[in-house]
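Everything below concerns the one structure shown next.
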Amino acid sequence: MNVIEDIHPQSPTVATIGFFDGVHLGHRFLIQQVKVAATQTGWQSSIITFPVHPRQVIQSEFQPQLLSSPEEKIELLASTGVDNCILLPFTRELSQLTAYEFMQLLYDKYKVRMLVIGYDHRFGHNRAETFEDYCRYGRELGIHIMQASAYTQEQDKVSSSAIRRALQTGDIRTATKFLGYHYYLEGTVVDGYKVGRKIGFPTANLRVDFPNKLIPSIGVYAVCVYVNGGKYKGMLNIGYRPTINNGTDLSIEVHILDFQGDIYHQKMRIEFIDFLRPEEKFNSVDELILQMQKDKEDTIRVLK
């Protein structure tokens, strides 16, 4: 996949546009329609997306909780087999363009000759136009407009918002079903309180690299851990460690099963497989240890 920033396509292209947070199954269904149209026309297939969430440009105080970092999104888009990913900087000037002016930009600068529009997508200043308006503008400009079919699973609408809601309530299975892959966090292993090793469950503390990455609901999870060139089973706790730390600061720490080694300052990726239980405050450390032993058994059962 070509990632296009400063240079512009030299060949006509079939394109679609959106933020594509998480590149979930709904996005992939739309992109597949772009690829089919590109094959039929003999043109290239392109995804037009924004490196920064548009609302961050319009509302400087807005801090989105995103399913993918810009780098992760490009990696996920590349896995779809699309020819080009056009990174279009979203600016206040761009936000003021009418739909017609925006489509003219796509025609002149990016050689878009067919635009596949998501069934519920709106663009242009105030986003007031209808699909029929887009078709009329397209006829004037020389862009064929195609409306994409909607994607659903068992009558559930698949969307980035629905996936965020699932992750924020610990519904990992629904998030996985809608994403088409396991949600993951990537970051660096940092120093922690080193209490886990004293009770027989040493943990690696993760500092997530992308500050706007959505952190799933507080609780205990069965996860897969990628670190030091290997893949391991793990049980992850997101929370405030109320039994030991008296609930002062949020931590993301994983006990990696059957692993020994120094991985401080190394990169680590954690994939969420299932939610095990909410975080609890126990009456004693001994009660916590008994529960963690049960969590380990549940993790092995889930990941076997």
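The values are calculated or read from the model by the stated rules, or taken from the named source; none is laboratory data. Here the structure is a predicted model, which means the values were calculated and not measured. So basically every Cβ, Gly included, is an ideal-geometry build from the backbone, and we count neighbours across all protein chains shown. Ligands, DNA and RNA are excluded from the accessible area calculation, which covers all protein heavy atoms including side chains. Shrake-Rupley method; radii C 1.70, N 1.55, O 1.52, S 1.80 Å.
If we sort 269-276, 79-86, 254-261 on the protection proxy, mean other Cβ atoms within 10 Å, highest first, what's the order?
269-276, 79-86, 254-261
Can you list residues from other chains, or at least 5 along the same chain, whose modelled amide H is less than 5 Å from the amide H of GLY118?
Residues meeting the criterion, in which the H sits 1.01 Å from N, are ILE17, ALA148.
Under the rule a/c < 1.5 gives rounded, and otherwise a/b versus b/c splits prolate from oblate, where does region 71-176 land using the Cα gyration tensor?
The shape class here is prolate.
PRE reach from SER161 (point 7 Å along Cα→Cβ): which of region 54-81 fall under 17 Å by backbone N?
Output list for this probe position: 54-56, 63-67.
Output the peptides 143-151, 107-115 sorted from most to least packed, where packing is the average of other Cβ atoms within 10 Å over each peptide's residues.
Sorting 143-151, 107-115 by mean packing, highest first, produces 107-115, 143-151.
With θ taken as phi - 60° and the coefficients 6.51, -1.76 and 1.60, list the Karplus ³J(HN,Hα) couplings across region 27-35 in order, rounded to whole Hz; mark glycine and proline as x.
Result, ordered by residue: 4, 5, 5, 5, 5, 4, 5, 5, 5 Hz.
Amide H to amide H under 5 Å from GLU279: which residues, 5+ apart in sequence or cross-chain, H placed 1.01 Å off N in plane?
Excluding prolines and chain starts, which carry no amide H, the hits are GLY219, VAL220.
Report the charge-dipole magnitude of region 127-192 in Debye, nearest 20, computed about the Cα centre from +1 at each Lys and Arg Cβ and -1 at each Asp and Glu Cβ.
So the dipole magnitude of region 127-192 works out to roughly 120 debye.
Diagonalise the Cα gyration tensor of region 17-129 and give the resulting equivalent ellipsoid semi-axes, square root of 5 times each eigenvalue, largest first, whole Å.
22, 19, 12
What is the spin-label model distance, in nm, from VAL208 to GLU279 if the labels are put 7 Å beyond Cα along the C-beta direction?
About 1.3 nm separates the two model spin labels.
In degrees from 0 to 90, rounded to the nearest 10, what is the angle of the helix 99-110 Cα long axis to the longest principal axis of the chain?
Helix 99-110 sits at roughly 90 degrees to that axis.
Counting only heavy atoms of the protein chains, get the accessible area per residue of the chain (1.4 Å probe) and round it to a whole Å² value.
Per-residue value: 50 Å².
Provide the per-residue ³J(HN,Hα) series for region 153-160, in order, calculated from phi with Karplus coefficients 6.51, -1.76, 1.60 and θ = phi - 60°, each as a whole number of Hz, with x at glycine and proline positions.
Whole-Hz 3J(HN,Hα) from phi for region 153-160: 10, 6, 6, 8, 6, 8, 8, 4.
What is the percent carbon and sulfur in the accessible area of the chain, measuring with a 1.4 Å probe over the protein chains and ignoring ligands?
C and S fraction of accessible area: 48 percent.
Using the basic label-point model (7 angstrom from Cα toward the beta carbon), what is the ASP191 to GLU154 distance in nanometres?
4.8 nm
Work out, step by step, the length gained on full extension between ASN126 and ILE300: first 0.36 nm times the residue separation, then minus their alpha carbon distance; give nm to one decimal.
Answer, rounded to one decimal: 57.5 nm.
Under 5 Å between amide H atoms, partner at least 5 residues away or on a different chain: which partners does ASN2 have, H built in plane at 1.01 Å?
When sequence neighbours closer than 5 places are left aside, the close amide H contacts are ASN84, CYS85.
Restrict the search to region 183-242; then list the trypsin sites (Lys or Arg not before Pro) that DSSP places in a loop and that have at most 11 other Cβ atoms within 10 Å of their Cβ.
LYS194
Determine the distance separating the Cα centre of region 163-233 from the Cα centre of region 276-298; give it in Å without decimals.
Value for the Cα centre distance between the two parts: 18 Å.
Could you work out how far apart the two model spin labels at GLU71 and GLU93 are, taking each label as a point 7 Å from the Cα in the direction of the beta carbon, and quote it in nm?
3.0 nm
Can you give me the Cα centroid spacing of region 14-28 and region 54-85 in angstrom?
Using only Cα atoms to place each centre, the spacing works out to 10 Å.
Can you give the Rg and Dmax of region 234-304 based on its C-alpha atoms, in angstrom?
Values for region 234-304 (Cα only, Rg and Dmax): 12.9, 35 Å.
Dipole size in debye (nearest 20) for region 110-259 around its Cα centre, Lys and Arg Cβ +1, Asp and Glu Cβ -1?
220 debye
Can you tell me how much longer the chain between ASP262 and GLN293 gets when fully stretched, taken as 0.36 nm per residue apart minus their C-alpha distance, in nm with one decimal?
Stretched out fully, the ASP262 to GLN293 stretch lengthens by 8.9 nm.
Suppose every Lys and Arg Cβ carries +1 and every Asp and Glu Cβ carries -1, with no other charges. What dipole size does the chain come out with about its Cα centre, to the nearest 20 debye?
Dipole magnitude for the chain comes out near 360 debye.
In whole Å, what three semi-axes, largest first, describe the equivalent ellipsoid of region 137-255 built from its Cα gyration tensor (square root of 5 times each eigenvalue)?
Gyration-tensor ellipsoid for region 137-255: 39, 16, 14 Å.
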